[in-house]
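Below is one structure, written out as structure tokens; the observations come after it.
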Amino acid sequence: MSFLICSAVWLLTVHLWGPRSADGAPDRTHHDPKHSWDALQRQKRNWVWNQFFVLEEYTGTDPLYVGKLHSDVDKADGNVRYVLTGDGASSIFTIDEKTGDIHATKRLDREEQGYYTLRAQAVDRETNAPMEDESEFIVKVQDINDNEPKFLDGPYTAGVPEMSPLGTMVVQVTATDADDPTYGNSARVVYSIIHGHPYFSVEPKTGIIRTALPNMDREMRDQYVVTIQAKDMVGQMGGLSATTSVTVTLTDVNDNPPRFSQSYQYSVLESVPVPSVVAKLKAADADIDSNAEMDYYIIDGNAPGVFNITTDEETQEGVIFLQRPLDYETKSSFSLKIEATNRNVDPQFLTFGPFSDTAAVKVIVEDVNEPPVFSPLISRMVVSEAARVGTVIGTVSARDPDSYSIDRNTDLERFFNVDALTGVISTAKALDRELNSVHNITIFATENQDPSQVGRGIALITVMDINDNAPVFAIEYETLLCENAAPGQVIQTISAVDKDEPLSSHRFYFSLAFSAANNDNFTLRDNKDNTASVLTKRAGFRRQEQSLYLLPVLIEDSGSPALSSTNTLSVRVCDCGMNGVPQACGAVAFSLPAGLSTGALLAILGCIITLLVVLFSCNEKRKTPLFIEDERDVRENIVRYDDEGGGEEDTEAFDMVTLRNLNIIHDSKVQDVSPESVSVYPYSASATSRTSYKTLPDNIVFQEFIWDRLKLTDMDPSAPPYDSLQMYVFEGNGSVADSLSTLESPSSVSEQSYEDLSNWGPRFKKLADLVPTLIKDT
């Protein structure tokens, strides 16, 4: 495509001549050698350009003229239409499709976009067929000075050591200008100092701030605020500028030695204990931090080595303290010479003088009436918890005491005695390390001539452990066993605790108790890491057959002598889902043996119906008053029993315990680890359910609670034979309180009152006497 571009830009023109086809493209048929006579041909003429320029931030009201495009195929007959595409076409740049004039319709900002790439093409106005190849050109936005410099990191803070020489670099500040650094001086910034003379200067081109005065003293002034200006256009008139502040702090150097301002005198009682503080003094140092750190020394007057001095790291004071006890009768005063020296001396300031100073300190010892003093103040003793009463533990000693005694406020239970003359401490009662492993008792030493002079010492008695506690379960385990559990499945891992002092070599040994060693249901594996695993021996556990197993576990420690205990692990059989999560646990509804015949079942059913009818009739009579005519004949029925027992000593004909506790047979039959043998451990369904609710999963806890209450109600002889509303109050596992229902502890038969039968008249007196007896026998 050949264009003529009219703009403020250099143009390079190349004229190529050649024949043209009907669509304006070069006619390539003349390359055939048969037409060599037409070797001289007219080539297509092209205009080649670099780029257009357009000024940014144009504020005129008319569109900004950018340039003109013109094709050599345009004969000014209106057949050519110019098309502009590319970056910003139509939205920012428009082209006159007839003349090829390009205008910018919007205000441009070089800092947002520096150039635009556009493509131009000449097409036939009627057919839209291309008449020239598409050409690409660039419109570059020309910069103006419309952005001031900016200190992106300001305001600045910096530090420079005091006493620095002239020209020491402090900090470098940098300002940035968003204008084009390649065009003009819009982005060329120079720096100057507005406030901070005569202490500091700044390099115009680099922005480096330096000291302008030597030996600035921090003790005179420690901080300066310097204002720096950055101006573009190389600082010329009309340039834009910005300022920032630089806070310069003079950092300390050790240029000041310590100095004492006076001599010191202190008084101290001869009774102060070692290592009491006698005095504190401090040398003045104008420096700070590590440059003011000092060490103190006693360089004279401490021949017996009675005193010592150290430095308080927080206050830099010299602390004089006792190394030996004072005695007024031996020496009543001390004259000490103390030296203070800087720790960190800077060699470049040694000419300022020695970095140390001395002071005279006089210590006067005052006389006191002294009580007995224990040596040592704390006596440490050990005793076995198996020690007999009267065992000697140790001896305390004090200077010049007349008698010893124990402060009973520190030995309230009187475990120990002390000999008043010798200070020998012995046991007065049996000790138990598990109750108190360390006894901290205070011993008094008293002078008889002056009872107010009492010395106090401490006896720290440690009770050594012996193996006197058997191991037990670490927690109360509640084990749930799925009915579909496989043989060898681990259903619980147990551990033990021992009140005795734990040792690294202490071990617990787990095994099944002798009574359960050969059971067919479970086995126990000692993991040899103070834990044991309970595994199933068989498969096919069923709640209908047995809902609870009580597994006795023997735990023995490794002490000398070894102690052991038998702990019972409760295993509840549960109906589990496909994912092994228990759905229902505990006993299921009582079912009749499968061996009963149909006739026996009908007979039992008839007896139950008859009993329900009788009970229902009695309850109906109790609800409504009963009026009977006096002349009605009331006859008594005589019940005759032909069965005779052998008396109370006959234990074969009847089980008297079973007859007296008929309700027990309705409870779940709980056996030991073997279903064929009756468990030797007493078990109550209601009691067990109350304790097991706390360990059941949330999705079955209420189901088990309602099921247990239903069983208790069904077995209650005083319950009505018809359907009735039962109310329960149960707060679930989230409450520390158990069930508030009165069904939690059902009343016994003996608590049922039949006194209202006596109120029906003399004809019902016999019935009132017989009913309690009949119900009790049933």
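The values are calculated or read from the model by the stated rules, or taken from the named source; none is laboratory data. The structure presented is a predicted model; accordingly, all values stated were derived computationally and were not measured. With ideal geometry, Cβ positions are generated from the backbone for all residues, glycine too; neighbour counts draw on all protein chains shown. For accessibility, only protein heavy atoms count, side chains too; no ligands or nucleic acids. Shrake-Rupley method; radii C 1.70, N 1.55, O 1.52, S 1.80 Å.
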Quiz prompt | Output for the range 218-228, where each listed residue is of a type in the set (Val, Ile, Thr), buried (at least 19 other Cβ atoms within 10 Å of the Cβ) and either under 30 Å from Asn254 (Cα atoms) or over 52 Å from the mean Cα position of the chain (by Cα) (or both) | solution = Val226
Practice problem: Please find, within the range 229-260, the residue that is most open to solvent (accessible area, probe 1.4 Å) out of those that are without any contact (Cβ under 8 Å) to a residue 60 or more places away in the chain and among the hydrophobic types (A, V, I, L, M, F, W, C). | Solution: Met237
Exercise. Scan the range 207-229 and give yes if some residue there is of a type in the set (A, V, I, L, M, F, W, C) and in contact with a helix residue (DSSP H, G or I) (Cβ under 9 Å, 6 or more places away or on another chain), otherwise no.
Key: no
Exercise. Residue by residue through the range 462-498, note down the ones that are of a type in the set (Ser, Thr, Tyr) and more than 11 Å from Leu535 (Cβ to Cβ).
Key: Thr462, Tyr477, Thr479, Ser495
Quiz prompt | Among (1) in contact (Cβ under 8 Å) with a residue 60 or more places away in the chain; (2) open to solvent by less than 50 Å² (accessible area, probe 1.4 Å); (3) not in a loop (DSSP other than H, G, I, E, B) - the single one Arg380 does not satisfy | solution = (2)
Quiz prompt | Within the range 201-228, tally of residues that are in contact (Cβ under 8 Å) with a residue 24 or more places away in the chain and assigned to a loop (DSSP other than H, G, I, E, B) | solution = 13
Exercise. Might you check whether a residue that is open to solvent by 80 Å² or more (accessible area, probe 1.4 Å) and among the acidic types (Asp, Glu) occurs anywhere in the range 312-319?
Key: yes
Practice problem: Might you let me know whether the range 364-377 holds any residue that is outside any loop (DSSP other than H, G, I, E, B) and either of a type in the set (Phe, Trp, Tyr) or in contact with a Phe, Trp or Tyr (Cβ under 6 Å, 6 or more places away or on another chain) (or both)? | Solution: yes
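Going by the conditions given, is Ile393 in a strand (DSSP E or B), modelled with pLDDT of 90 or more, open to solvent by less than 60 Å² (accessible area, probe 1.4 Å) and closer than 30 Å to Arg414 by Cβ?
Details: in a strand (DSSP E or B): yes; modelled with pLDDT of 90 or more: yes; open to solvent by less than 60 Å² (accessible area, probe 1.4 Å): yes; closer than 30 Å to Arg414 by Cβ: yes.
Against the criterion (in a strand (DSSP E or B), modelled with pLDDT of 90 or more, open to solvent by less than 60 Å² (accessible area, probe 1.4 Å) and closer than 30 Å to Arg414 by Cβ), Ile393 qualifies.
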Quiz item: For the range 511-520, how many residues meet the condition of being over 16 Å from Glu556 (Cα atoms) and either assigned by the TED database to the domain that holds Glu385 or open to solvent by 30 Å² or more (accessible area, probe 1.4 Å) (or both)?
Solution: 3
Self-check item: strands (runs of 3 or more DSSP E) enclosed by the range 428-510 - at least 3 residues per element that are β-branched (Val, Ile, Thr) and open to solvent by less than 30 Å² (accessible area, probe 1.4 Å)
Solution: 438-446
Quiz item: Condition test on Thr117, is it outside the structural domain of Thr211 (by the TED database) and on the phi < 0 side of the Ramachandran plot?
Solution: yes
Practice problem: Specify the residue that is farthest from Asn145 (Cα to Cα); the eligible residues are those in the range 192-217 that are in contact with a Ser or Thr (Cβ under 8 Å, 6 or more places away or on another chain) and open to solvent by less than 30 Å² (accessible area, probe 1.4 Å). | Solution: Met216
Quiz item: Given the conditions (1) assigned to a loop (DSSP other than H, G, I, E, B); (2) within 13 Å of Val363 (Cβ to Cβ); (3) touching a strand residue (DSSP E or B) at 6+ places or on another chain (Cβ under 6 Å), which single one is not true for Val253?
Solution: (2)
Quiz prompt | Search result, residues across the range 82-122 that are in a strand (DSSP E or B) and buried (at least 19 other Cβ atoms within 10 Å of the Cβ) | solution = Tyr82, Leu84, Phe93, Ile95, Ile102, Ala104, Tyr116, Leu118, Ala120, Gln121, Ala122
Practice problem: Look through the range 294-309, keep the residues that are in a loop (DSSP other than H, G, I, E, B) and among the aliphatic types (A, V, I, L, M), and return whichever of them is surrounded by the most Cβ atoms within 10 Å (Cβ to Cβ). | Solution: Val306
Quiz prompt | Set Ser560, Ser617: member being out of contact with any His (no Cβ under 6 Å at 6 or more places or on another chain), farther than 23 Å from Ala539 by Cα, part of a helix (DSSP H, G or I) and at pLDDT below 80 | solution = Ser617
